[in-house]
Amino acid sequence: MCAQVLVAEDDPKQAELIRRYLELDHHTVLIVHDGRAAIDEARRRRPDLAVLDVMMPKVDGLDVCRVLRAESEMAIVLLTARTTEDDVLLGLDLGADDYVTKPYSPRQLAARVRAILRRSGRETRRERHVLEIGDLVINAERHEVTLAGVLLDCTPAEFRLLEVLAAEPGRVFSRGQLLSQAFGMDRFGTERTIDVHVMNLRRKLEPDPRKPVRLLTVYGVGYKLQDGSADATTA
């Protein structure tokens, strides 16, 4: 069950560690470092699940939980060093689905995220079957890609790569993130594989593969997918 997960953690190293473990399960992970940004990003991206550190600057995790629960049904996991029964009950009463106390194992957190998504029965982004970016349509149920109504002949690897990119149009993915989320960390030995798939996809998606307007390179970072009707500012 692949979901979009928002992680709000003010410790950058801890946030990155959580990201790595969640991406091993093929989740798309958004990182923010304070409570105000968590609320803003949740409203903008509508993630399937939020992992919230209780002790965050600007707005603490409990208040973020209260706001998000009032506005949506996304799953929420709280992370905190507070271990008293009253603290746990307060978090659950505010609408959290689970409460993980520090120190914790990132593997355990990833397992709890999987359990919550299964238990909640929430429909995640990868289970919504159809992704549309302008006139580009990726149908997961049929395993089909169409462009302006024309069926494209994509390999399974190209299809998986497009699914990851299309789940978050405009987001820049590093090659490592694409390798992990589309294929699993151990599927291929080098990130060069991603470049090859991108080159092949551009031949199928772009009017002129030498001047891409859909599948763009962000130099020094990675790739992003956007509506081809938008002006390309990178090549």
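The values are calculated or read from the model by the stated rules, or taken from the named source; none is laboratory data. Note that the structure is predicted; figures quoted are calculated from it, not measured. Note: ideal-geometry Cβ built from the backbone for every residue, glycine included; neighbour counts use all protein chains shown.
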Check your understanding: Which of the residues spanning segment 141-167 are within 22 Å of the chain's Cα centre (by Cα) and surrounded by 17 or more Cβ atoms within 10 Å (Cβ to Cβ)?
Key -> V145, A157, E158, F159, R160, L161, L162, E163, V164, L165, A166, A167
Practice item. Please verify whether segment 19-36 includes one or more residues that are over 26 Å from L165 (Cα atoms) and of a type in the set (S, T, Y). Key: no
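So that you can scan it fast, the table gives a plain yes or no per residue for (1) among the aromatic types (F, W, Y); (2) over 22 Å from R119 (Cβ atoms):
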| position | (1), (2) |
| --- | --- |
| V7 | no, no |
| Y21 | yes, no |
| D34 | no, yes |
| A38 | no, yes |
| M56 | no, yes |
Check your understanding: Hey, does segment 122-139 have a residue that's exposed (fewer than 15 other Cβ atoms within 10 Å of the Cβ), within 24 Å of the chain's Cα centre (by Cα), modelled with pLDDT of 85 or more and basic (K, R)?
Key -> no
Check your understanding: What are the residues in segment 36-75 that are assigned to a strand (DSSP E or B) and over 19 Å from D11 (Cβ atoms), if any?
Key -> L49, A75
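For segment 15-35, give me each residue that is part of a helix (DSSP H, G or I) and in contact with an Asp or Glu (Cβ under 8 Å, 6 or more places away or on another chain).
Start the filter on segment 15-35 by keeping residues that are part of a helix (DSSP H, G or I), which leaves 15-24, 35.
Hits for segment 15-35 are A15, I18, G35.
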Practice item. Would you mention how many residues in segment 185-200 are surrounded by fewer than 13 Cβ atoms within 10 Å (Cβ to Cβ) and either at pLDDT below 75 or not assigned by TED's automatic domain parsing to the domain that holds P156 (or both)? Key: 5
Review point. So, of the residues in segment 76-102 that are assigned to a loop (DSSP other than H, G, I, E, B) and of a type outside the set (G, A, S), which turns out to be surrounded by the most Cβ atoms within 10 Å (Cβ to Cβ)?
Key: D97
Check your understanding: Pairs, please: C-beta under 6 Å, at least 6 apart or cross-chain, first residue assigned by TED's automatic domain parsing to the domain that holds R107 and without any contact (Cβ under 8 Å) to a residue 40 or more places away in the chain and in segment 6-19, second among the acidic types (D, E) and in a loop (DSSP other than H, G, I, E, B)?
Key -> A15/E9
Review point. Mind checking whether some residue in segment 15-26 is surrounded by fewer than 17 Cβ atoms within 10 Å (Cβ to Cβ), closer than 17 Å to F173 by Cα and out of contact with any Pro (no Cβ under 9 Å at 6 or more places or on another chain)?
Key: yes
